[in-house]
1. How far is helix 215-230 tilted off the main Cα axis of the chain, in degrees rounded to 10, range 0 to 90?
2. Pairs of Cα atoms under 8 Å, at least six residues apart: use those to get the relative contact order of segment 54-204, whole percent.
3. Using only the Cα atoms, what convex hull volume per residue in Å³ does segment 68-110 have?
4. Quick one: what Rg and Dmax do you get for segment 9-87 from the alpha carbons, in Å?
5. Take the cross-link list Lys5/Lys219; Lys45/Lys97; Lys198/Lys219; Lys64/Lys126 and give me the ones stretching past 29 Å between alpha-carbons.
6. Apply the Karplus curve 6.51 cos²θ - 1.76 cosθ + 1.60, θ = phi - 60°, to the phi angles in segment 86-99 and return the couplings in whole Hz, x for Gly and Pro.
7. What's the FRET efficiency of Tyr173 with Lys114 using the Cβ-Cβ distance as r and R₀ = 35 Å, to the nearest 0.05?
8. Starting from the Cα coordinates of the chain, work out the convex hull volume and express it per residue in Å³.
Amino acid sequence: MYKHKSFLAVILARGGSKRLPRKNVLDFCGKPLISWSIEACLNSKYIDKVLVSSDDEEILQISKEYDADIIERPPELASDTSLSFDALSHALSYNDKFDYVVMIQPTSPLRQSKHIDEAIEYLFDKNAYSVVSVCEAEHSPLWSNTLPSDLDMSNFLPNIATGKRSQDLPKFYRLNGAIYICEKDALLSQKTFFLKDKVYAYVMDKKHSVDIDDELDFKFAQILCNESLRNG
């Protein structure tokens, strides 16, 4: 609870993963990857319940072992084309007695309970309906573009980026996937965390923003995690 409002953390964890098979249950610095997000939620000062939604029996069993509540997700809500909102809506249909939903991705293991608590406090500081975590982009999108079939680069860079140092370009931010918070009724009515108004960015540092999508991300996140464990 925070300011007399209740918070449900939902971790959506499918069993299928093509770029990094079985990533949610892989050993990450001595524990299953998903356990890091479960523990971050359980250690939050404000989260009232931690719920893992999955179609995978091993994920559900591990989640129970780490003291999360579980809900089995129907296969039609766990395909490669399924939408996160549909899985959230399914979970909320059995857990509707909460004021706010906090969606936590299991692929962001370096996000900590303090970030969740700060984001919840920030939600109220801004009088927001929704808060979404971001971090500074590693590379300016002004230095990126599509390429034609002949790979011609004559129009690759916009004028604003030509001849500029990276530090002279505008600062861009990207979604880091670590934390999504929304007032429950607004989420269900608008079917997105990106509401029409009163949605704000919670800015995190890059170190805690690693989102594991493939093997390279996994190895990089392990290096950062082991460094943090060594330094206490």
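1. Helix 215-230 sits roughly 70 degrees off the main axis of the chain.
2. Across segment 54-204, relative contact order equals 31 percent.
3. Dividing the Cα hull volume of segment 68-110 by its residue count gives 100 Å³.
4. 12.2, 35
5. With Cα atoms farther than 29 Å apart: Lys5/Lys219; Lys198/Lys219; Lys64/Lys126.
6. 5, 5, 4, 4, 4, 5, 6, 5, 9, 9, 9, 8, 10, 7
7. 0.95
8. 164
None of the figures in this text is laboratory data; all of them are computed from the coordinates on show. In this text, all values refer to a predicted model and were calculated from it rather than measured experimentally. As a convention, Cβ positions derive from the backbone with ideal geometry for all residues, glycine included, and neighbour counts pool all protein chains shown.
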